[in-house]
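Here is the structure we will look at, set down as structure tokens.
The values are calculated or read from the model by the stated rules, or taken from the named source; none is laboratory data. If you're wondering where the values come from, they're calculated on a predicted model, not measured in any experiment. Note that each Cβ is placed from the backbone with ideal geometry, even for glycine, and that neighbours are counted across all protein chains shown. SASA here: full protein model, heavy atoms, side chains in, ligands and nucleic acids out. Shrake-Rupley method; radii C 1.70, N 1.55, O 1.52, S 1.80 Å.
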Amino acid sequence: MEGYILMIKESDVKNVPGGGAEVTGGHESLPAPAAVDEDKDGANFPESTAEPAEISDSVLDGKNMWALNCIFCPSKIMPAKVASYHVEERALPKMKQKKALSEGLEVEPLSRWFMVSDVMMFDNIGVSNAVGDIKYLTCADCEMGPVGWTDLSNKKCYIALARVRET
């Protein structure tokens, strides 16, 4: 059976006297995240960052409908309605490498991105050293990633929809 996560908007939660809360508005069910693997240090990694089947819940008028947050910590990466939806096949290194770097870097093909024209449009983002003509983007707080990349030739930044959560 497929698992589900119940998504409740903060505005739909009402405090109840004596502690606790009550849901007062509508809510929606979303599929649970990908299976999680725990490494030797205890950090949880998604086994796959498969892209969502439907994009209509993420994009409104060509922009990100929701704020983008890290999937590992509560860090807010980008506010809502600032990034343009962009489709381009691009491979990013996997967030968890199962083999030694000397054997080569494992990559994952991704094609759905939110793009901004300047790195200053992020709330929090970490940037790697240059690797060829790109820099990888990570969570600024927990340093997990890459969640995206920036093109050094035009300074545009791309965040993979599969590597962030929307709130």
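One chain, two ends: residue 120 and residue 151. Fully extended at 0.36 nm per residue, the span grows by 9.7 nm beyond their Cα-Cα distance. Ranking 106, 89 from most to least accessible surface, computed with a 1.4 Å probe over the protein chains only, gives 89, 106. When the Cα gyration tensor is reduced to axis lengths a ≥ b ≥ c, the ratio a/c is 1.5 or higher for region 56-167, and with a/b above b/c it is classed as prolate. How many percent of the accessible area of region 52-159 is carbon or sulfur, using a 1.4 Å probe? Of all accessible area on region 52-159, carbon and sulfur atoms account for 52 percent. Checked against a 29 Å cut-off, the cross-linked pairs 63/99; 98/155; 94/155; 63/98; 81/135 give Cα-Cα distances beyond that limit for 63/99; 98/155; 63/98. Taking all protein chains together and a 1.4 Å probe, the residues 127, 147, 119, 87 rank 87, 127, 119, 147 from largest to smallest accessible area. In the assembled protein chains, residue 66 presents an accessible area of approximately 80 Å² (probe radius 1.4 Å). Charge dipole of region 73-167 (Cα centre as origin; +1 on each Lys and Arg Cβ, -1 on each Asp and Glu Cβ, all else neutral): 180 debye, rounded to the nearest 20.
Computed from backbone phi with θ = phi - 60° and the Karplus coefficients 6.51, -1.76 and 1.60, the 3J(HN,Hα) list for region 84-90 is 8, 6, 9, 10, 7, 6, 8 Hz; x is used for glycine and proline. Heavy-atom accessible area, probed at 1.4 angstrom with all protein chains present, ranks 136, 158 as 136, 158, highest first.
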